[in-house]
Every structure is written in C-alpha cells, then in structure tokens.
Amino acid sequence: MTIIQIETATTVCSVALAGDGEVIAFKQLDERNIHAEIITLFIDELINAAGLKYSDIDAVAVSSGPGSYTGLRIGVSTAKGLCFALDKPLIAVETLAAMAQGIINEGDIDADTLLCPMIDARRMEVYTALFDANGGLVKPTSAEIIDDGSFKEQLQNNKILFFGDGAEKCREVLSANPNAQFVTGFANSATHITKKAAEKFAGTDFEDVAYFEPYYLKDFLVTQKKA
C-alpha cells in the first residue's frame, strides 16, 4: 500500500510518501503562494528518491479542508489529476482531523485533554473543531469568531490544547483560563494524513474523482483593492 499524500490547506505546501501506513519520506515548505509552483516538483522528487514509478502508487490522499481557498484548489486539483492519469483511487482526509492526529502523534496527551486545531480565517475568525485525546470528534467543524467566552463550557472541565496557524491570534483572549494551553510551532503536514489515509484505503473509503470538491466551509469572497 503506497500512497501519495498532499497537504495544501494553509501556507504550508507539504507532500508525503507513505507505505503500509508509515511515512517513507516527505517534503514541505511554509511559504505563502508557493503551492502551485512546487507541489508537482515535490511529488516527482519523492517518487524518484524512493526508486518508484508513478504506476507503483496505490492511491492519492489529500487534505480536503477547510482552509485556504486557493491552497485547497491546488491540492485537490493536483490529487485528482494524478488519480485520473494513473487510474488510482482518491482519499480525502478532513484537515482539522489530520491536524489533531499530528498532535496525537507527538504523544504525552492526558486522556481528558481536548484538542482544538485552528486554521486562520481572517480577523478573529478561525476554522476549528474539538477532538478528544484519541482523535474522536467532540465538536464538529465550524467557522467561529473567537472571544473571551469561546469554549467556556469545555474549559470548565477540560484542558484544551489550541494549535495551528489560527491559534496564536486567539491566545490573548483565551489564555486567561488556566485550562487553555497553546502549542507553538505547529505546522500542517502531509505526514499527519498517514493514519487516516491508511484506514480509509483499507476500508475502500474512496471519493468520486470526477465530482469531489474541497470542503471550503465558507464561500470565497472577492475583494477589490482600495483606491
């Protein structure tokens, strides 16, 4: 089971190659507006470095959103293009769930701790969800404007780890509660997709390549430059 994994939901452009549920190699770069330029180069470099041919790939997995409109379009378009060209199945992994798995992979999480990935959605709004310490969904994905009352009920009884590129801007309004803790230096990575992609492959949980679209959560808004 060899899977190409793609993560482009944030400023990070990340590609991983996984075999039998283990990461073989990955490449990533955290730089805004670079995805379209380097994503196919990363894929090609990983395939060649592993001594594989594209025909050796069994599936393509992609981080499906929510996140950056442009980033998601590039990642999903690339994944679908590979699936069409290679006649391989497409696997979609929800971005926030993959982020939670990335924290779980680091270990040492108390059983009663909740995980709160956050993706920046401009101003004080974030795309977010809550997961338990095993990655189970506690509060579904939503777009939330964060204030000092956010997560008040959950913070009464649980420690919450906030992380992702939307978390830092929320630190000031949430950190007054001692149960609110922030993970610094977290970056989205295609390596975080590995476990869920392997599970979906084993269960033949595949997407319709022709009709699959990213989970944008909100409509894309076009703004005009100020004069």
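The values are calculated or read from the model by the stated rules, or taken from the named source; none is laboratory data. Keep in mind that this is a model prediction, so the values were computed, not measured. Here the Cβ positions follow ideal geometry from the backbone for every residue, glycine too, while neighbour counts run over all protein chains shown.
General remarks:
- Selection status of GLY65, assigned by TED's automatic domain parsing to the domain that holds ILE145 and surrounded by 20 or more Cβ atoms within 10 Å (Cβ to Cβ): no
- Selected residue (criterion: surrounded by the fewest Cβ atoms within 10 Å (Cβ to Cβ)) from residues of the range 182-200 that are in contact with a Gly (Cβ under 7 Å, 6 or more places away or on another chain) and either among the polar types (S, T, N, Q) or closer than 21 Å to GLY166 by Cβ (or both): PHE186
- Some residue of the range 186-198 being among the charged types (D, E, K, R) and either more than 25 Å from GLN5 (Cα to Cα) or assigned by TED's automatic domain parsing to the domain that holds THR10 (or both): yes
- Test for THR95: is it at pLDDT 95 or above, of a type outside the set (A, V, I, L, M) and surrounded by fewer than 24 Cβ atoms within 10 Å (Cβ to Cβ): no
- Residue ID - nearest to the chain's Cα centre (by Cα), chosen from residues in the range 98-131 that are among the β-branched types (Val, Ile, Thr) and either crowded, with 22+ Cβ neighbours inside 10 Å or modelled with pLDDT of 95 or more (or both): ILE119
- The range 5-21, subset among the polar types (S, T, N, Q) and outside any loop (DSSP other than H, G, I, E, B), residue surrounded by the fewest Cβ atoms within 10 Å (Cβ to Cβ): SER14
- Residue selected from the range 184-196 under the condition part of a loop (DSSP other than H, G, I, E, B) and modelled with pLDDT of 95 or more, by the criterion farthest from LEU115 (Cα to Cα): SER189
- Taken as a whole, the condition of being in contact (Cβ under 8 Å) with a residue 12 or more places away in the chain and within 17 Å of ASN188 (Cα to Cα) does not apply to ILE146.
- Criterion (in a loop (DSSP other than H, G, I, E, B) and either surrounded by 21 or more Cβ atoms within 10 Å (Cβ to Cβ) or basic (Lys, Arg) (or both)) met by exactly one of GLY135, GLY166, GLY149: GLY166
- Taking the criterion of being in a strand (DSSP E or B) and within 20 Å of LYS196 (Cα to Cα), the residues of the range 86-126 that qualify are LEU90, ILE91, ALA92, VAL93, LEU114, LEU115, CYS116, PRO117, MET118, ILE119.
- When we screen ASN134, ASN157 for residues that are closer than 24 Å to SER64 by Cβ and either within 14 Å of the chain's Cα centre (by Cα) or of a type outside the set (A, V, I, L, M, F, W, C) (or both), the only hit is ASN134.
- Residues that are exposed (fewer than 15 other Cβ atoms within 10 Å of the Cβ) and either in contact (Cβ under 8 Å) with a residue 24 or more places away in the chain or within 20 Å of ALA197 (Cβ to Cβ) (or both) within the range 22-32 comprise GLU22, ASP30, listed in sequence order.
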